[in-house]
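Everything on this sheet refers to the single structure shown next.
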């Protein structure tokens, strides 16, 4: 029975899947047939053969048009995934056939460089050894401006995206936590709200960082001051200062796990909703991007998007 089903699946081609997706979008067989350069009768026959091959009715024919059945909704999701995979296959083969070379200017914030980005870029370099990635660590606000004016091709940023014409696509989220030394009064606290710890001194990042701006904005919203005892340039330096009892720190958990462990710091979960941050990949309008930039952008989305 299984072998018979697999044999039926071998008869499915991408044109039929494209036709099916077009019908699902337009609801009209005539429109979908024209989009796929088929006659209506040929398109109808292909859809019938697709349903026979899958062993399920995918479309409900009504006087108003065609709608998806529950099975059709599931089939549409899988057909879209297959189409994306085919498109990536064709694109990759074109790149290899052309021996494509070039460079992409990628700006990224500190947190992403301490989390998923290094491993992802290593995989990209192995797959596309002739495409050079010029990577710069920059503040998210500066990255948005650089991509907008063409100084950078792509950006990986965190937090709110300015209201611009940039194309922004979500990648993943991370959690912010508080850290303190084992000598601090908060060492036995497991979780807290930000407002409950603002009576303590903090170690923060330097002016312009997205994390600093976020903390200041949240403290202002609470009508309180954020007591920044000292400010530093990196998470490593921040954790060093926290370990030296200069204050507590607000840091991304994933990016700083190594530093937390190395210094034996105590972590405190933040119960505030804003403690979950969203990372984005940004670019100019897709038709404006070079082929190498498009390749890197799609690779980042495939490997880092959650």
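The values are calculated or read from the model by the stated rules, or taken from the named source; none is laboratory data. None of these values were measured; they are calculated from a predicted model. Cβ atoms come from the backbone with ideal geometry, glycine included; neighbour counts cover every protein chain shown.
Restricting the search to the range 67-81, which residues are more than 12 Å from residue 21 (Cβ to Cβ) and outside any helix (DSSP H, G or I)?
67, 69
Being at pLDDT below 90, under 20 Å from residue 287 (Cα atoms) and not assigned by TED's automatic domain parsing to the domain that holds residue 17 is the requirement here; does residue 105 meet it?
no
Given the criterion under 14 Å from residue 279 (Cβ atoms) and at pLDDT 90 or above, identify the matching residue among 125, 169. So that I can check it myself, show each step before the final result.
Details: 125 fails: under 14 Å from residue 279 (Cβ atoms).
Result: 169 is the single residue among 125, 169 that is under 14 Å from residue 279 (Cβ atoms) and at pLDDT 90 or above.
Residue 259 fails exactly one of the following numbered conditions: (1) over 21 Å from residue 139 (Cβ atoms); (2) touching a residue at least 12 places away in the same chain (Cβ under 8 Å). What is the number of that condition?
Result: residue 259 fails condition (1) only.
Go through the range 29-53 and give me each residue that's assigned to a loop (DSSP other than H, G, I, E, B) and surrounded by fewer than 15 Cβ atoms within 10 Å (Cβ to Cβ).
Across the range 29-53, the qualifying residues are 37, 39.
State all residues of the range 221-271 that are more than 17 Å from residue 186 (Cα to Cα) and under 26 Å from the mean Cα position of the chain (by Cα); if no residue qualifies, say none.
233, 234, 235, 236, 252, 253, 254, 255, 256, 257, 258, 259
Could you list, in sequence order, all residues of the range 200-221 that are modelled with pLDDT of 95 or more and either over 27 Å from residue 144 (Cα atoms) or part of a loop (DSSP other than H, G, I, E, B) (or both)?
Matches in the range 200-221: 200, 201, 202.
Just name the residue that is modelled with the lowest pLDDT out of those in the range 137-157 that are under 16 Å from residue 206 (Cβ atoms) and touching a helix residue (DSSP H, G or I) at 6+ places or on another chain (Cβ under 6 Å).
140
Quick check on this structure: which one of 166, 176 is touching a helix residue (DSSP H, G or I) at 6+ places or on another chain (Cβ under 8 Å), in the same structural domain as residue 254 (by TED's automatic domain parsing), surrounded by 16 or more Cβ atoms within 10 Å (Cβ to Cβ) and closer than 25 Å to residue 266 by Cα?
Values: 166 fails: closer than 25 Å to residue 266 by Cα.
From the options 166, 176, the qualifying one is 176.
Select from the range 195-225 the residues that are crowded, with 18+ Cβ neighbours inside 10 Å, farther than 23 Å from residue 264 by Cβ and in contact (Cβ under 8 Å) with a residue 24 or more places away in the chain and list them in ascending order.
209, 210, 214, 215, 218, 219
What number of residues in the range 61-98 are modelled with pLDDT of 90 or more and loosely packed, with under 12 Cβ neighbours inside 10 Å?
Of the residues in that region, 1 qualify.
I'd like the full set of residues that are surrounded by fewer than 16 Cβ atoms within 10 Å (Cβ to Cβ), part of a helix (DSSP H, G or I), under 34 Å from the mean Cα position of the chain (by Cα) and free of Cβ contacts under 8 Å to residues at least 60 places away in the same chain, limited to the range 7-25.
9, 15, 25
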